[in-house]
Structure formats: structure tokens, C-alpha cells
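Here the structure comes first, spelled out in C-alpha cells, and everything after it is commentary.
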């Protein structure tokens with residue numbers, strides 16, 4: 001356990017690096033690298049709240065980039081941030097690193113003394129007993145722990161503190177220990193994409209022996225969805241994917257039984273119908289949101305089957321296109337499935353990411369540790385070149401996750417820094 005802190009917060013000595021923005025816009029236009037920011041104040045101001053929680057100061061080795069980070073930079077107006085319209089915000093949610101310091105409510109002697117005094121004066125009521133229990137609870141982390149964290153997006157939006165920095169102070173509930181068998185590079189690729197994939201697979205209600213199609217199977221979400229779907233349907237089931245031709249081998253290596261190259265045919269729905277109408281799927285997991293595929297899915301999805309999609313694909317990253325795509329997804333989710341009522345004939349499920357519990361975080365990194373889940377990495381970018389990683393995301397050409405590396409000495413490096421540019425597509 002790290003040594004207790006004084007009640008007066010002080011800035012930890014030293015400087016940090018971070019990418020931050022004030023105004024919304026394209027990452028290349030508004031995201032700026034700061035290499036001389038003061039380290040986060042620690043312990044945090046949050047400790048003064050009645051129901052304080054454990055916080056950790058983390059030295060970050062790798063950050064995973066997400067399309068949601070692009071939307072945060074591109075679309076979320078400054079006035080929606082609680083810290084004010086002129087405050088800088090650091091994007092992203094997924095990281096791997098090392099705990100430098102720990103603050104826990106139980107370390108506050110004053111709080112313990114106040115609780116004891118309250119017990120003596122007012123009796124041991126239920127609320128006081130609960131407070132006493134929290135005081136004696138041991139910290140989950142200590143300095144030196146190797147961790148993986150996925151910060152809940154509402155916390156990032158509210159605080160302006162995201163993962164695209166080499167130091168971050170966050171509530172400990174967002175983090176779990178990283179097993180030695182999982183290197184930090186691949187741990188940083190977990191998080192938002194993986195839990196979105198899990199939500200989609202759960203929504204599809206897959207059973208052993210089912211047949212499932214994963215659209216955009218080579219992207220960050222899709223590569224996880226293929227593996228989680230494989231686990232759900234078992235060896236007796238059937239998993240097919242949709243991606244570009246050069247990514248077929250990668251998707252097959254993740255457990256798919258068959259892969260369709262969407263660039264090889266004029267009409268993807270027609271090709272899916274040709275191949276699978278005689279033996280249709282029980283569910284489709286669409287990891288990018290192809291509206292024309294959903295509208296014609298009755299030709300290759302059985303009656304009563306489900307179409308689970310993370311959204312509808314926007315034409316570009318503008319607010320108008322994003323809102324239009326989102327409205328299409330909402331309409332599809334509430335429209336009757338019956339074709340004669342204007343539906344596709346199959347139920348559309350709009351998938352939202354459920355913020356994971358501590359147990360779910362430990363389970364997902366446990367799957368990586370024991371080899372049941374592979375984190376497919378597209379490319380690794382030195383922190384100074386992070387804007388190049390965003391270019392890959394915005395052009396929808398990533399095969400797996402895009403990672404930013406902060407620590408030159410961190411393990412889990414890759415030979416393909418500034419990976420070769422891949423052709424555009426649908427993230428698969």
C-alpha cells in the first residue's frame with residue numbers, strides 16, 4: 001500500500017504529456033500535443049465528498065484509440081463539458097499502465113475519528129456502520145501494480161480527463177490488474193470495442209449450434225465479436241464474417257468458418273442471399289451498421305432471427321450525417337419487423353455498450369490471459385504521431401485496434417510502427 005497522503009492536495013512533481021482540445025473539429029485541426037503539462041493533482045479533490053472512493057495515479061504506457069474518441073473530438077460541443085467551454089479536454093477511454101500512487105478513503109484518519117465520534121454520540125445506525133465498513137476496507141491497488149483501465153465515457157466527458165496522456169488520475173473502479181501473460185499493448189486494445197462486441201453478442205441471444213454472421217468482422221469491434229460469437233455457438237455452430245479480401249485470413253484466424261469479401265460483389269445482400277438462403281443465419285451482428293444489408297436480411301436470416309447492430313453507418317463524421325444515421329437506427333429499432341408493416345421482416349436491435357462491472361472487466365482480460373480472446377492490433381503509433389492513428393480510424397481501414405505508445409521501454413511493442421496504409425473500407 002502506498003503511504004497515506006496529507007489532507008492537502010498537492011501536484012505530484014514532474015510534467016506530463018497529453019493530447020488535448022478545446023474546440024470541436026477534425027482531430028488534425030483541433031487536437032494539440034502538450035509535453036509540459038503539470039502532473040494531475042493527487043490526491044484528487046473528489047476525496048472531500050461524503051462517499052469518496054479509491055483513486056489511482058497511473059503512468060500510461062499505451063492508449064487504445066476508438067471511433068467514439070473521434071466523435072468526442074469532432075462533435076461534443078464545449079458547453080456540454082461541466083468544466084466549462086474554455087477548458088481543455090483529453091479524449092479516449094482505454095489504457096494500460098502502472099500505478100504510481102493510491103488514495104483510499106480509509107487512509108483519512110480524520111474521517112475515521114469523525115465516524116467514531118458519531119458512533120459514540122448518535123449510536124451505531126445503519127448509515128454509520130456502512131461508513132465504518134468502507135473505512136476499514138483495504139485499497140484494491142498499490143504502487144507498482146500493472147493495470148488495464150477503461151474509463152466510463154460519462155466520466156471523461158464530465159471531467160475532461162481521458163486516456164490519451166502519459167499520466168492520468170482516475171477512480172480505481174475503472175481499472176483491474178493486468179496479468180503478466182497480457183502485454184500492455186494488447187491490454188490497451190481492450191475496453192470500449194470489446195465490451196460493445198460483447199453487448200452485441202449478448203443481444204443476439206446466441207445458443208450452441210447457432211449460425212451467426214458478423215459484418216465488419218476485421219475491425220476493433222468485429223474482431224472481438226467473431227471470437228465471442230464463436231465461443232457462444234461452440235464448435236457445432238457456424239460463424240461467418242464480412243470483410244475486405246486482404247483481411248480474410250485474419251478473420252479466419254479468429255475462429256470464423258467462412259468469410260465474404262464485400263468488395264468482390266456488386267451487391268453484398270444479394271451475395272449473402274445466394275450463399276446462405278438455403279441455410280440461413282440465426283442472427284447477424286453488424287459492427288458498423290449497413291442499412292441496406294439490414295433491409296434485405298430476410299433473404300439470409302431465418303424467420304424469428306435477430307439483427308443486432310451497433311449503429312447505422314454515417315456517410316461522414318459530420319454532426320448532420322451522424323444524427324441522420326442515429327435516427328435511422330432508432331427508427332429501425334422501433335419499427336415493426338413485419339415486412340407488410342414496413343419492416344425488414346427481422347427484428348432490429350440497436351446495441352448500446354453497457355459499462356462493465358469490476359467482475360466483467362476481470363473476466364474479459366482473463367479471456368486474453370488464457371488465450372480465449374485475441375486482441376487484433378492494426379498499428380502502433382508513437383505518441384507524437386497519434387494523429388496518424390486517427391486518420392486510420394476516420395478512413396475506416398483498421399484491421400483491429402489502433403494503439404498509441406507513450407513509453408519507449410514498455411513491453412508488447414510491434415515492428416510495424418506507422419503501419420503501412422491500408423485501403424479504405426468498412427473496417428473489415
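The values are calculated or read from the model by the stated rules, or taken from the named source; none is laboratory data. This is a predicted model, so every value here is computed, not measured. Cβ sites come from the backbone with ideal geometry, for glycine too, and all protein chains shown count toward neighbours.
Of note:
- With respect to being assigned to a helix (DSSP H, G or I) and in contact with a helix residue (DSSP H, G or I) (Cβ under 7 Å, 6 or more places away or on another chain), residue 158 falls outside the description.
- Residues that are in contact with a strand residue (DSSP E or B) (Cβ under 6 Å, 6 or more places away or on another chain) and outside any loop (DSSP other than H, G, I, E, B) were ranked within the stretch 253-273; the one that is modelled with the lowest pLDDT is 262.
- Wholly enclosed strands (runs of 3 or more DSSP E) of the stretch 165-248 bearing at least 1 residues touching a residue at least 12 places away in the same chain (Cβ under 8 Å) and closer than 22 Å to residue 275 by Cβ: 211-215, 238-243
- Counted as qualifying within the stretch 322-409 are the strands (runs of 3 or more DSSP E) with 1 or more residues that are modelled with pLDDT of 95 or more, namely 377-382, 401-405.
- Looking across the stretch 18-45 at every residue that is under 24 Å from residue 142 (Cα atoms) and surrounded by fewer than 15 Cβ atoms within 10 Å (Cβ to Cβ), the one that is modelled with the lowest pLDDT is identified as 45.
- Selection status of residue 90, touching a strand residue (DSSP E or B) at 6+ places or on another chain (Cβ under 6 Å), under 24 Å from residue 180 (Cα atoms) and at pLDDT 90 or above: no
- Here residue 297 clears all of (1) in contact with a strand residue (DSSP E or B) (Cβ under 7 Å, 6 or more places away or on another chain); (2) in contact (Cβ under 8 Å) with a residue 60 or more places away in the chain; (3) crowded, with 24+ Cβ neighbours inside 10 Å except the condition numbered (2).
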